[in-house]
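Only one structure is covered here, and it is reproduced in the block below.
Quick note: the coordinates plus some simple rules give every number you see, no bench work behind them. Keep in mind it's a predicted model, so treat the numbers as computed, not measured. Here Cβ is always computed from backbone atoms with ideal geometry, including for glycine, and neighbour counts include all displayed protein chains.
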Amino acid sequence: MDETPTEPPVEPFGPEDELDDEAPGWQAINGALERIYGDTKPYHWGTLLKWSLGGRDPLDGISVHARTEPVPHWHYISYGMSELYGKAEDGDPEESGWGFEFTFRLARDPAEETPPVWAANLLQNLGRYVFSSGNHFEAGHHMDANGPIAADRADSEIQAVVFATDPELGAISTPNGRLEFLQVVGLAREEYEAARQWNAGSMLEILEPRIPLFVTDIDRGSLLADPEVAAAVQAGVEREGSSSGMLYVTTAGWADEPDGTTVLRLGALQAPMIRQSLSGRLPYGRELYVVADDMTLCFEPADGFSLARENGVLKIGVPEGALDGLLGAIRSESGRTPVPSLPGLAVEIVPTRMRDQYGNETGEVIG
């Protein structure tokens, strides 16, 4: 996940000028923080040009508190995913904005006096994704960062995130509706692959004794190196399969060719993720939706092979004996592969052109 290259504007003592009758949502967030931090002043980044006015950062502000317990860490809290000011006329009366604010807990050296800016940029990038795509996050959702979540730490194993309810802040009611404090938790690559095959919430329950309050430490390795943790996770995968029934990807669709062949088109970057998710869903009697901007593929367990098209969704019925053939065709390299076990179906893997957080191509091509 690419990071914004410049440091956000800093307001060291918080956005006091925002706290009037026109910012009841902001006041509600501060009230929740006061129950933990009292009148301690946070370190605060404020956005000069708001998203609504054409700015590039969707969060109006990010506050950070220094913690010493249960382990030294920085506690980041966002302002901007919920409705901070007036209630939108077309908004959900029960929820404030997107219904959540981000939090993030980052391990720190007790001697460290200033919170790292990359973590604030991470939250801005996640907010930018939500505002740009319309896809929201909930506890249990997860995301591949396609590299270390800290852009300046190429050697870090923490390369994905999962979302959980902040264990201290929970959810609150505000004048603009309910909001949940949704904590971003960094996972090592190996942990993320296991979470995709199983259940992110159950995975966090196993990891929590080793990462209290879900503090992210970008210097740690995979906790699956502990045989006890690995055995518990593997048992869960084998027992339950995957709970993730929907994948959002950049490239997914199909085309019907004149000879009657239906070709599924998938991006090379997401192909391994789709393959793993199918393995964790169909054998357990569960469907998998693969969602792109304008097309959706739905893979369903079925007694016989079938294709059905409806309102931009292609439903593919996959018999148990045909799954291995389908998985074998979903490769990481670009190219077209027929699926003999599903006659008339082929899979085409297309190269993925990487883009930065502003939608610009970086020049890197996967596949």
What is the P(r) of segment 205-273, as percent of Cα-Cα pairs per 10 Å bin from 0? 14, 26, 31, 16, 9, 3
Which cross-chain or sequence-distant (5 or more) residues have an amide H under 5 Å from the amide H of Ile218, H modelled 1.01 Å from N in plane? Ala107
Förster radius 45 Å - calculated FRET efficiency between Glu228 and Phe131 (Cβ-Cβ, nearest 0.05): 0.65
Of all alpha-carbon pairs in segment 223-327, indicate the percentage at a distance above 25 angstrom. 25
Give or take rounding to whole Å, what are the principal axis extents of the alpha carbon atoms in segment 284-345, in descending order? 30, 27, 23
Express as a percent, rounded to the nearest 5, the fraction of DSSP beta bridges in segment 16-239 (both residues included) that run antiparallel. 80
Can you give me the orientation-averaged projected area of the convex hull built on the Cα atoms of segment 83-229, in nm²? 10.1
Cα lying deepest toward the dipole's positive end in the chain, options Phe299, Ser222, Gly127, charges on Cβ: Phe299
Zero-based 20 Å bins, Cα pair distances in the chain, whole percents: 27, 54, 18, 1
Cα-centred dipole magnitude for the chain, charges only on beta-carbon of K, R (+1) and D, E (-1), debye, nearest 20: 1000
Can you tell me the relative contact order of segment 16-239? Whole percent, Cα pairs under 8 Å, sequence separation 6 or more. 18
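Hey, what did segment 223-281 get for relative contact order, percent, Cα under 8 Å, at least 6 apart? Can you show the working numbers first?
Numbers: 36 pairs, mean separation 18.1, N = 59.
RCO, segment 223-281: 31 percent.
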Along the Cα-to-Cβ line of Ala308, 7 Å from the Cα, sits a label point; which residues in segment 260-286 have backbone N less than 16 Å from it? 286
In deg cm²/dmol, rounded to 500, what helix-only [θ] at 222 nm does the chain give when every DSSP H run of at least 4 residues adds -39500 (n - 2.57) and the total is split over its residues? -6500 deg cm²/dmol
Please report the base-10 log of the normalised intensity I(q)/I(0) for segment 96-171, using a Debye sum with one equal scatterer per alpha carbon and no solvent, at each q in 0.20, 0.21, 0.27 (1/Å). -1.05, -1.15, -1.52
